[in-house]
Structures are given as C-alpha cells and as structure tokens.
Amino acid sequence: MELFLRTEMERNAKEFGDKALGVLDIGYMDSSEQTYSMLSTPLKDFNNKTSIEIAHDAGYIGFIAHPCCQKWLTRKLFGAIQVKELDLGFLTLPNWFKILVSVFFIFPIYIWIGFVPKASSWKKRRGITFQVDSDSKVVDNDISDSDDEEEDENLPTSKSLLQNELERFKKRKKLTVRRRLQSAFQKQVEKEIPLWKKIYLLWSAPITTFWVTQTMYFCFLGLFCLAVLWPTCGNFYLDLTLWLWTSIILIDLVQRTYTKHIQHKAVNILGPFCEIILVMFFLIMYLVLRIIPHWFNSADIITSKVVLSIALIFFFYRLLGIYLPISPTLGPMLVRMNRMIKYDFVDFIRMFLVFMISGGVTIQAILYPNYPLGIDLVKRVLTRPLFAMFLTQIADLDGDTSCSGHYNNVSIGFCTADVNFRGSHYANPESVILPIQKCPYSSLFGYLITIQYLLICKLVLVTLLFAMFALTITKVDNEASEIWKFQRYALIIDFEERLNLPPPFIIFSYICILLKKIYNKMKGCKRNCCTFCCCSKKAKCSPASTSVSGGLMYFWSRFVNVDIV
C-alpha cells in the first residue's frame with residue numbers, strides 16, 4: 001500500500017474512532033442502560049457484529065477501555081449471578097472462594113450468591129418480571145407495570161389533540177388511582193427461583209467457568225508434578241491418567257480454536273495453533289518415553305525425565321496467558337513485563353553477547369592456554385561468562401600449585417620446529433603438554449581481563465538493564481491499564497463461549513453433544529424417510545406408521561452419504 005494511502009486511512013480511522021468514543025461517552029452519561037443495549041446490538045451493515053466486536057477487531061483500545069464497556073464486560077463476566085458481600089467483621093472472604101464453595105457444596109448458594117435472571121424462555125413462559133432483592137426472589141408486579149406502560153404514549157402535536165388527551169386522562173385518572181391503591185395494598189406474589197435453576201445459572205456464568213477451570217488446571221499441574229518427581233520408571237496408572245487428561249485438554253483446545261476461527265474470522269489463531277502442535281508432540285513423546293516402556297524397552301529414564309520437565313515448564317507458563325490476565329493487579333503487570341522482555345531485554349541480550357563472547361574466549365585462552373579443542377572447550381567458553389552474571393568464579397585465577405612445575409618445563413623454543421611439526425600439538429600432544437592441558441595458569445593479565453569483564457557486565461550492563469526497565473515502566477504505566485482492559489475482553493468472551501464443565505469432565509459435555517447430534521440426525525432421517533414413503537405410496541403417512549427397519553436403513557445411508565437404490 002502506498003504511504004499516502006496508509007496515512008490517509010490511519011487519519012480517517014482515528015477520526016471515526018474519536019467520534020465513536022464521543023458518542024459512547026455521551027450515551028453513557030445520558031442513559032447507561034440504553035448504552036449497554038447498544039453495545040450488544042448486532043449491526044446488519046457490519047455482518048451482524050456488535051459495536052464492541054468491531055472495536056476489538058479494529059484494535060481500538062480506547063473504546064473498549066471506556067468505563068461503559070468495562071462495566072458491560074463485568075456484567076457479561078458474572079452472567080446471571082451476583083456475589084453477596086456479608087459483613088463478618090475482621091474476616092473477608094474473596095469472591096472466588098464463595099463461588100467455588102457454592103459450586104461444589106450447592107447449599108452456600110443461599111448465603112453468598114444472588115441471581116439476576118436474564119430474559120430467557122423460562123421467564124417468558126411464566127410471564128414474570130424479575131426484580132432483585134436480598135433473598136434472590138422473584139416479585140410479580142405485572143399490574144403496576146401494565147399501568148405504567150399505558151401512560152407512556154406519544155405526546156400530542158396540536159392543540160385539539162392536547163385537549164382530547166387531557167379529557168381522556170381525566171377519565172382514566174380515577175381508574176388508574178384505584179388500580180394503584182389496589183396494587184399497593186395487595187400482597188405481592190413472591191416466587192422463589194427453583195434450586196435447579198440456581199445451579200444452572202451459577203454454572204453457566206463465565207466467572208464460574210473461569211474459577212472452576214482454573215481449579216481443575218491446578219489439580220492437573222499437581223498431578224503432573226507428582227508424575228515428574230516419581231522415581232525411576234514412574235507409575236503406570238498415574239502416567240496413563242495424566243496422558244488421558246492432557247488428551248482431553250488438547251481436544252478442548254482444538255474445539256475452541258476451530259469455533260473461534262469460524263465465529264471470529266479476524267482473530268489470529270497462530271498462537272493456539274502452535275500450542276496445539278506442542279501439546280500433540282508432548283503426548284506422542286509421553287506415550288513413547290513413559291507409557292510404552294512398561295512393556296517394551298523404548299527409552300531411558302533420563303530422557304523421559306527431561307521431556308516431562310520441559311513439558312511441565314510449558315504447562316506452568318500457560319497460566320501467564322490464560323488465567324492471570326483477568327486479575328486487575330496481575331493483568332497490567334503482565335503487560336509491563338511483556339513490553340520489558342519484548343524490547344528492553346532483547347536489546348540487552350544483543351549488547352551482552354558482544355562482551356560475553358569476547359570475555360569468554362579471552363578468559364579461557366589466558367587461564368587455560370593448553371586446553372584441548374572440542375565440545376567441552378566451547379561449553380566452557382560460553383557458560384563461564386554467562387554464569388558470571390550470577391556467580392563469580394575466581395578460584396582458578398591463582399592457578400594450581402601442582403601444575404607450576406610442568407609449566408616451567410615448557411621452554412620458550414617449544415613451538416620452534418620444522419614446517420611439518422607446526423600445528424600438530426593438538427593431534428599428538430607431547431609428554432610435556434599432556435599434564436598441563438587442563439591446568440589453570442596464573443598471571444597478571446588473567447586478573448585484568450577477568451576484572452574488566454566483571455566490571456562491564458555486573459556494573460554497567462546490569463545497571464543499564466534496570467534503567468531501561470524503569471523507563472519502559474514509566475512509559476507504559478499509563479497505557480498498561482488500557483491494554484489490559486482491551487485484552488480482558490477477549491478473555492471474557494473466550495470463557496463465555498466455553499462449555500460449562502472443565503477438563504477432564506468436559507468429555508461428558510462432548511458425549512452429550514454427540515448424542516444430541518445423533519438424535520437430531522435420526523429424527524431428520526426418520527422424517528425424510530416418512531416423506532419418501534408417502535411419495536412412493538401416494539398415500540397419507542404418519543411417523544408412527546413408518547417401519548423401523550426402513551427408517552434405520554435410510555438413516556445409515558444418509559449417515560455414510562450413500563444413496564438407497
């Protein structure tokens with residue numbers, strides 16, 4: 001794209017974004033409820049997307065970070081439940097504890113959980129208008145609400161219409177007052193929400209799905225830690241349970257990624273796709289290295305321990321991107337840490353590599369002038385300057401007294417030889433060189449080179465890194481909260497679209513979905529078979545008179561996409 005076109009589009013996007021934010025601000029100050037409704041209203045001109053979805057797809061952080069959108073997200077997060085605050089004096093219980101106890105023990109629902117049912121079919125069948133009170137009861141005020149709706153009419157536009165309206169109002173005033181008095185003295189009908197409905201509303205709330213899923217994930221990590229620490233070959237039943245649990249997590253991840261790709265085309269699925277590949281690779285390695293060796297000798301113990309340890313680190317680090325961002329404290333902190341690692345730490349590593357390689361090579365060459373070439377030499381050259389950032393190794397600067405006599409045997413003319421002899425000391429080391437190959441040599445230059453490296457790395461570079469981190473935190477501090485609020489939208493929508501049961505119990509949800517699809521498929525095939533029979537016989541046919549064998553044959557033919565001859 002041309003530069004001027006890109007600049008023009010960015011300017012127009014900023015202008016329309018500011019206008020949308022201004023409209024949202026005015027609407028929120030005028031009527032918050034209507035603004036909430038506006039945010040969740042699909043727009044036909046934008047492929048039935050809502051305003052907040054368009055803002056998220058466009059990456060407009062300011063719109064989603066607005067207090068109106070954040071309150072809308074909080075409502076969506078809690079769904080149809082409200083966590084009650086009980087005054088217990090010095091003891092204050094967190095919301096997650098109240099939700100989890102109510103989920104697993106049910107009866108604390110009456111103590112800590114209030115309900116705000118939405119306009120569902122359960123309410124419409126009963127014609128109930130819900131009002132929230134302290135006891136989670138439903139109050140029927142249909143009489144008074146109907147009177148209020150009768151008075152909400154259009155204003156008259158002329159004098160004659162105004163006079164007619166006043167006359168009609170006088171005639172209706174007595175009746176309206178009488179109805180209001182009757183409704184005031186009449187005892188309101190209180191209807192308790194059934195327990196099964198409370199349990200359903202509690203489990204269907206996204207905040208409940210979040211905390212239950214996180215709790216089960218911590219149980220998974222605890223089981224994983226036990227499998228890694230189990231001595232020698234591990235426990236077969238423990239490994240099999242962990243492998244099946246991880247497989248269910250993979251199935252859930254694939255299902256959510258596919259659904260997200262179908263429903264939200266603009267969402268980038270590269271991260272979830274890479275996560276799926278890594279989990280699949282781990283499952284294959286776990287099966288080969290830890291489960292199959294109980295019958296066949298396919299791997300050693302150390303290799304399986306290494307693979308399990310790397311996988312455990314990966315599953316622990318998943319917490320940083322899945323569950324911690326919802327916290328108002330840890331969320332902005334993760335944004336700051338991401339910026340520091342992505343920019344400052346990468347620049348620090350690029351600068352540090354220059355001093356690390358030069359310092360590692362020179363220190364090794366002066367302290368160990370006769371060390372043989374090989375992989376061990378490369379490892380010492382790279383690890384010593386790297387560990388010097390945390391540990392200071394100076395024990396070999398003074399050399400080794402047992403090797404001093406051998407170094408004295410190496411004369412000045414030792415390297416003077418004919419052309420055929422030059423460079424052959426590594427291939428065929430002489431008896432003089434052999435004893436001092438791995439002995440440190442003490443010298444003034446060894447001290448000088450080591451000290452200059454430690455001064456530059458530990459004093460200059462580390463101080464510079466801390467200064468860069470502090471500068472980044474100062475710059476991002478104002479933006480971190482808005483960036484976290486923007487990321488919070490995707491996290492809440494993700495948990496809203498998830499199934500209610502967490503892994504590994506989510507397998508029951510998949511079984512129910514599969515059975516429901518099979519039932520709908522058989523029902524549709526039975527209906528099509530009935531139509532086919534009616535057309536062939538040219539007679540009126542009912543589903544009860546359809547033969548079972550014919551319906552099943554037609555179903556299986558449709559199921560495998562084979563036509564009946």
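Odds and ends about this structure:
Okay, residues lined up against (1) modelled with pLDDT of 85 or more; (2) part of a loop (DSSP other than H, G, I, E, B):
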{"position": "M340", "(1), (2)": "yes, no"}
{"position": "R350", "(1), (2)": "yes, no"}
{"position": "V361", "(1), (2)": "yes, no"}
{"position": "N370", "(1), (2)": "no, yes"}
{"position": "K379", "(1), (2)": "yes, no"}
{"position": "G413", "(1), (2)": "no, no"}
{"position": "A427", "(1), (2)": "no, yes"}
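Yes/no per residue for (1) open to solvent by 50 Å² or more (accessible area, probe 1.4 Å); (2) at pLDDT below 90; (3) within 23 Å of R384 (Cα to Cα):
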position	(1), (2), (3)
S424	no, yes, no
I433	no, yes, no
Q437	no, yes, yes
G446	no, yes, yes
I449	no, no, yes
L454	no, no, yes
L461	no, no, yes
A467	yes, no, no
T472	no, yes, no
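- Consider segment 290-313 and keep the residues that are hydrophobic (A, V, I, L, M, F, W, C) and open to solvent by 60 Å² or more (accessible area, probe 1.4 Å). The one that is nearest to the chain's Cα centre (by Cα) is I313.
- Checked against the criterion of being modelled with pLDDT of 85 or more, hydrophobic (A, V, I, L, M, F, W, C) and in contact with a Leu (Cβ under 8 Å, 6 or more places away or on another chain), segment 4-18 contains not a single residue that satisfies it.
- Residues satisfying the stated conditions in segment 195-234, i.e. open to solvent by less than 50 Å² (accessible area, probe 1.4 Å), farther than 20 Å from I506 by Cα and outside any helix (DSSP H, G or I): G234
- Residue match in segment 257-266 (condition: hydrophobic (A, V, I, L, M, F, W, C) and surrounded by 15 or more Cβ atoms within 10 Å (Cβ to Cβ)): no
- Screening segment 341-366 for residues that are open to solvent by less than 30 Å² (accessible area, probe 1.4 Å) and in contact (Cβ under 8 Å) with a residue 24 or more places away in the chain and picking the one that is farthest from the chain's Cα centre (by Cα) gives I363.
- Residues that are closer than 30 Å to G17 by Cα and either open to solvent by 20 Å² or more (accessible area, probe 1.4 Å) or modelled with pLDDT of 90 or more (or both) number at least 1 in the following helices (runs of 4 or more DSSP H) confined to segment 56-127: 61-64, 67-78.
- Pairing each residue of segment 514-529 that is over 24 Å from Q255 (Cβ atoms) with any residue that is assigned to a helix (DSSP H, G or I) and of a type in the set (G, A, S), provided the two are 6+ apart or on different chains, yields C-beta distances under 9 Å for C525/G551; C525/S557; K526/G551; C529/G550; C529/G551.
- Set Y258, Y237, Y286, Y200: member being modelled with pLDDT under 95 and within 15 Å of A311 (Cα to Cα): Y286
- Filter pass, F296 being out of contact with any strand residue (DSSP E or B) (no Cβ under 7 Å at 6 or more places or on another chain), free of Cβ contacts under 8 Å to residues at least 24 places away in the same chain, among the aromatic types (F, W, Y) and more than 30 Å from L382 (Cβ to Cβ): yes
- When D494, D477 are screened for being of a type in the set (D, E, K, R), out of contact with any Phe, Trp or Tyr (no Cβ under 7 Å at 6 or more places or on another chain), at negative phi and buried (at least 16 other Cβ atoms within 10 Å of the Cβ), only D494 passes.
- Test: residue in segment 367-387 that is under 12 Å from C457 (Cα atoms), surrounded by fewer than 18 Cβ atoms within 10 Å (Cβ to Cβ) and touching a helix residue (DSSP H, G or I) at 6+ places or on another chain (Cβ under 8 Å): yes
- Only one of the listed residues (L334, L308) is modelled with pLDDT under 90 and of a type in the set (A, V, I, L, M). That residue is L334.
- Any hit, segment 308-323, residues being aromatic (F, W, Y), assigned to a loop (DSSP other than H, G, I, E, B) and farther than 20 Å from T213 by Cβ: no
- For segment 256-270, the set of residues classified as free of Cβ contacts under 8 Å to residues at least 12 places away in the same chain, within 16 Å of the chain's Cα centre (by Cα) and part of a helix (DSSP H, G or I) consists of Y258, H261, L270, listed by residue number.
- Considering the conditions (1) farther than 25 Å from E479 by Cβ; (2) assigned to a helix (DSSP H, G or I), T41 is excluded by exactly one of them, (2).
- Summed over segment 16-54, residues that are without any contact (Cβ under 8 Å) to a residue 12 or more places away in the chain and open to solvent by 70 Å² or more (accessible area, probe 1.4 Å) total 15.
The values are calculated or read from the model by the stated rules, or taken from the named source; none is laboratory data. This one's a predicted model, so the numbers in the text were calculated from it and none came from an experiment. All Cβ positions, glycine included, derive from the backbone under ideal geometry; neighbour counts span all protein chains shown. Please note that ligands, DNA and RNA were not included when accessible areas were found on the heavy atoms of the full protein model with its side chains. Shrake-Rupley method; radii C 1.70, N 1.55, O 1.52, S 1.80 Å.
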